Each structure stands twice: as C-alpha cells, then as structure tokens.
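These notes concern the structure reproduced below.
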Amino acid sequence: MQNSEQGRVRKQRFQQRLNVLHVSTLHRRLKQHLPAAFNTRWTRRHWIHASLFAMIGALVATIVPGFSNAIDTPLSSHATLPLPLPPLAPGQSPYSLPTDTWHTLRIKSGQTLSSAFDELGIPSTVMHQVLQHPGTKAALTRLRPGAEIAFDMPKSGELRGLRFDRDASHRVELSLAGDQVHEKVSTRATTTRTVVTSGQISSSLYVAARKAGLTPAAVATMTDEIFKYDIDFDKDLQPGDRFSVVMDETWREGERIDSGDILAATFTTGGKTYSGFRFERGGKQAEYFDITGRPLKKSFIRMPVAYSRISSTFGARRHPVLGRMRMHKGIDYAASSGTPIMAAGDARVQFVGNQRGYGNVVILDHGKGYSTLYGHMSRFGKLRTGQHIDQGTVIGYVGMTGLATGPHLHYEFRVGGQQRNPASVTMPPPTPLAGAELAAFRAKTSPAMARIQGMEKLLYADAGAGGKAQPEAKRKGRG
Ligand SMILES: [Zn+2]
C-alpha cells in the first residue's frame with residue numbers, strides 16, 4: 001500500500017511539473033506548429049527532442065523476455081502507469097461465444113460516457129440501469145482515451161451486454177436481462193519482467209527511445225529527473241549519443257501492457273557516461289543516485305520558478321516602491337501571476353503566512369543552517385507549518401502581495417539566518433549513501449550495471465568500461 005501511496009505522490013508531483021511546463025512560451029509557440037495529433041502534453045514535449053536532428057536512422061536493440069531472467073538480484077517493484085489494453089474483439093472473453101452483435105467503441109479524448117452510449121443509440125434509461133450496477137460507474141468513468149468498451153447489441157439501441165477492462169488483469173462482462181444485470185469477471189494473468197534496453201541517437205532522442213520501447217513517461221524520467229542536472233537535453237545531444245535502461249515491464253498474453261519505473265539508466269554523451277540508479281533511502285521516496293551512491297539531485301535547485309527571468313539581482317539598488325537606496329537581499333524572478341513556485345530543496349515548512357513587506361510568504365528550513373524565503377505569493381500551496389516537503393513541491397504561486405510593483409517572486413537564500421547571494425554561495429553537497437544503505441545499494445545496482453555494460457559491449461564498438469572509447473593498444477612488456 002505504501003507503494004501505491006508513493007505512486008500517487010509521484011504522480012501528483014509529476015502533474016505539478018507538467019503544469020509548470022505548460023506556462024512556458026516555448027511550448028505555447030510549438031503547439032501552433034504541430035498537427036493536432038501531437039497536441040497532447042507528452043508528445044508536445046517530445047517533439048522538441050524529435051526535432052533536434054535530421055533523420056538518419058537508428059541502431060536499437062531490446063533484450064526481451066528470457067534475458068531478464070539473467071538478472072538474479074530482484075530489483076524492487078514499483079507503481080506503474082496504465083497503458084491501453086488490447087482490443088476487446090468479439091470472442092476474446094472465455095464467457096462469450098463469437099457473435100457479430102458486438103460493437104467495440106474506443107473512448108475518444110474528452111468524450112463523456114453518455115455521449116458514448118448516445119453514439120450507439122442506447123436509451124439513457126438503459127445507461128442508468130448499467131451504471132447502477134455496483135462498481136460499474138467508477139470503472140467506466142475511469143476509462144482513459146483509447147480504452148475500449150464492447151457493446152452486445154443484436155438490434156440497434158437494444159443493449160444485451162457490455163464488456164470492459166476494469167484494470168490490467170480484470171475484464172468485466174455485464175449481461176442485461178429485463179431489469180437484471182449479471183456480472184462476470186475474468187482474470188487475466190500478468191507477469192512482471194525486468195528488461196534491459198538500449199538505443200543510439202541518430203535523428204532524435206524521442207525516436208531512438210520509442211524504438212527502444214521506452215514510453216514517453218520513461219523518456220521524461222530520463223530527461224527531467226535522472227540526467228537533468230548533468231545533461232542539457234535541448235543543447236548537448238549529438239548523433240551517436242546513447243542510453244541504456246533497466247526497467248520492469250508488465251506482460252499479459254504475450255503483450256507488453258505496462259512499464260514501470262526506470263531502475264537503472266546510463267546516458268553517454270560527448271564521450272562521457274552518466275548513470276542513475278533508483279533506490280529508496282531510509283523509508284523516503286525513491287531517488288536516483290550515481291554509481292558511487294551520491295544523489296543525482298542537487299541540494300538546491302537553481303530557480304524556484306521555471307521559465308521566469310531575473311528582474312532584480314542581489315545587492316544595492318533603489319527600491320522600486322520606497323524610492324531610496326537599499327540592499328536587495330534576495331533575487332526577484334518576474335513571472336506571470338499564478339506561476340507555481342517550487343521548494344528549492346527538501347525542507348521542513350517553517351512559516352506560512354503574511355509578513356508586512358513580503359506579503360504572503362513561505363519560509364523553508366533545509367537543516368544545517370540553510371533556509372529559503374519566498375515572498376509576494378498570490379496564494380499558498382497546500383502547506384502547514386512543521387510539514388516535511390520534497391524539493392520541487394509546489395509551495396505557492398507568484399503574485400504581488402506586500403510591497404511589489406508587479407507579479408514576481410522575491411527569493412531569499414539564508415545561511416545561518418543571514419541572507420546570502422544564492423548565485424555566489426557554495427551550495428552544500430547532498431549527503432551520499434553510507435554504511436548499510438550503501439551496501440544495499442551496491443548489491444542492487446551492480447547486477448543492473450553489469451547487464452547494461454554487457455549489452456553496450458555487444459551493441460557499440462566503442463563501449464568499454466565506463467563507456468569511454470578504449471584504445472586497442474596492448475600493454476607492452478619491457479624489451
Ligand atoms: Zn525582491
């Protein structure tokens with residue numbers, strides 16, 4: 001249950017990040033150039049990567065079921081993201097004979113349940129009868145675009161049965177007789193396999209990743225989470241760069257229906273190989289670490305507001321409201337009102353409320369004498385004093401409460417209670433894994449790394465230890 005809770009929290013943070021992405025003018029501009037089919041959140045982002053290079057062709061290999069058994073250390077199981085189920089073709093259920101009275105309807109984006117029933121001319125009274133059957137309404141309203149519902153209709157408008165997938169492993173079939181609704185649930189076995197996959201970029205990361213069988217969510221984990229501190233995915237990528245990923249996949253009836261979190265990943269760019277391994281430290285949410293056990297995440301993110309510009313730096317200036325020379329003991333980020341503000345680091349919430357000049361202000365205590373302050377907010381995120389929050393949590397929204405001439409975030413970085421310039425202060429390094437945790441981490445990550453290296457050696461000529469090109473020169477003895 002803890003896993004699903006973590007999954008929920010992760011999804012929520014993910015959503016917050018997406019909302020942040022949405023305010024970017026870059027994305028707004030791109031949207032206009034894209035065909036309608038690409039106007040979904042993920043493809044829009046990946047289109048950026050897709051357009052990086054001209055198409056040349058890609059070398060990709062996937063180690064499929066069978067190989068994964070070679071990974072002897074079981075890597076942790078994780079929450080997964082749902083993918084569309086295979087088509088509900090007639091005759092697929094063991095409970096129904098193939099007939100030609102089944103009509104399969106694919107849920108379109110934004111389509112309501114009643115419009116789906118309408119489309120087939122089913123009276124609303126029948127729809128309500130179906131929805132009143134226990135569990136049906138919840139399951140049907142959860143269906144995502146692309147999901148399918150099969151209707152058994154011998155005659156137009158006359159509904160005899162209904163079939164849909166409640167989740168990855170349960171298919172529900174309802175049959176209607178008079179005002180009675182009968183339910184049959186068939187269980188479909190699923191298996192989880194750990195797979196290794198690799199791709200080399202020739203046209204774009206997106207293309208290579210899709211060929212390697214990575215979902216858009218997995219690509220986003222690589223670009224926005226694991227490697228975002230080391231690689232600038234909008235500038236650094238070159239043809240020939242490559243990645244390898246170890247991840248769990250859920251299979252059913254010979255078909256991959258779901259993929260889980262990335263357990264391990266490497267990315268080789270500019271002759272350097274970066275790696276990230278997923279690990280849960282001391283009951284906290286899983287994070288990614290490098291091969292030595294150092295967190296990839298920095299202690300503090302550089303900008304607490306994405307896609308903003310610095311409108312006032314740290315130092316002496318004439319105060320825009322008070323009109324006299326004064327030290328500006330923070331950095332101002334101009335952004336439109338309502339832009340989400342993120343916690344710069346993992347923290348305990350020290351203060352949420354109103355203070356004269358600052359207006360709506362949040363103060364976060366990061367431990368070891370470090371704290372950050374966020375002023376002029378239009379409103380707060382869901383926070384209470386004393387609460388522990390993760391880096392990147394949305395703590396509030398840009399506004400102009402207090403002494404402000406326009407919407408901006410006033411950000412202060414304090415060391416030992418004194419405001420310091422975050423641009424020049426040396427940030428504390430994150431605490432690496434040690435002791436028993438480091439041992440557990442190594443036991444988990446070394447088989448995954450060995451698989452990745454083994455595979456890269458097979459695929460790429462220059463893949464030596466650490467991903468660097470290895471000269472063929474043999475060590476020469478004396479004489
Ligand atoms: Zn300021």
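The values are calculated or read from the model by the stated rules, or taken from the named source; none is laboratory data. The structure presented is a predicted model; accordingly, all values stated were derived computationally and were not measured. Every residue, glycine among them, receives a Cβ derived from its backbone with ideal geometry; neighbour counts consider all protein chains shown.
Observations on the model:
- If you filter the range 268-292 down to residues that are without any contact (Cβ under 8 Å) to a residue 40 or more places away in the chain and within 21 Å of the chain's Cα centre (by Cα), you find that the one that is surrounded by the fewest Cβ atoms within 10 Å (Cβ to Cβ) is Gly283.
- Residue list for the range 104-159, filter: under 15 Å from Ser175 (Cβ atoms) and not in a loop (DSSP other than H, G, I, E, B): Val126, Gln129, Val130, Thr136, Ile149, Ala150, Phe151, Asp152, Glu158
- Counting only strands (runs of 3 or more DSSP E) wholly contained in the range 313-411, the ones carrying 2 or more residues that are surrounded by fewer than 21 Cβ atoms within 10 Å (Cβ to Cβ) and within 13 Å of the ligand (Cβ to nearest atom) occupy 315-318, 325-328.
- Of all residues in the range 203-248, none satisfies the criterion of being assigned to a strand (DSSP E or B) and free of Cβ contacts under 8 Å to residues at least 12 places away in the same chain.
- Qualifying positions in the range 167-186 - over 21 Å from Asp100 (Cβ atoms) and either crowded, with 17+ Cβ neighbours inside 10 Å or among the aliphatic types (A, V, I, L, M) (or both): Ala168, Val172, Val181, Val185
- For the range 293-311, the criterion of being farther than 30 Å from Thr339 by Cα and either within 16 Å of the ligand (Cβ to nearest atom) or in contact (Cβ under 8 Å) with a residue 60 or more places away in the chain (or both) is met by at least one residue.
- Gly254 vs. criteria within 16 Å of the ligand (Cβ to nearest atom) and at pLDDT below 95: no
- Counting only strands (runs of 3 or more DSSP E) that sit completely within the range 261-312, those holding 1 or more residues that are under 30 Å from His410 (Cβ atoms) correspond to 287-289, 309-312.
- Qualifying positions in the range 422-442 - within 16 Å of the ligand (Cβ to nearest atom) and surrounded by 15 or more Cβ atoms within 10 Å (Cβ to Cβ): Pro422
Table: residues versus (1) surrounded by fewer than 18 Cβ atoms within 10 Å (Cβ to Cβ); (2) touching a helix residue (DSSP H, G or I) at 6+ places or on another chain (Cβ under 6 Å); (3) on the phi < 0 side of the Ramachandran plot.
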site	(1), (2), (3)
Asp100	yes, no, yes
Gly110	yes, no, no
Gly121	yes, no, no
Lys137	yes, yes, yes
Ala150	no, no, yes
Arg163	no, no, yes
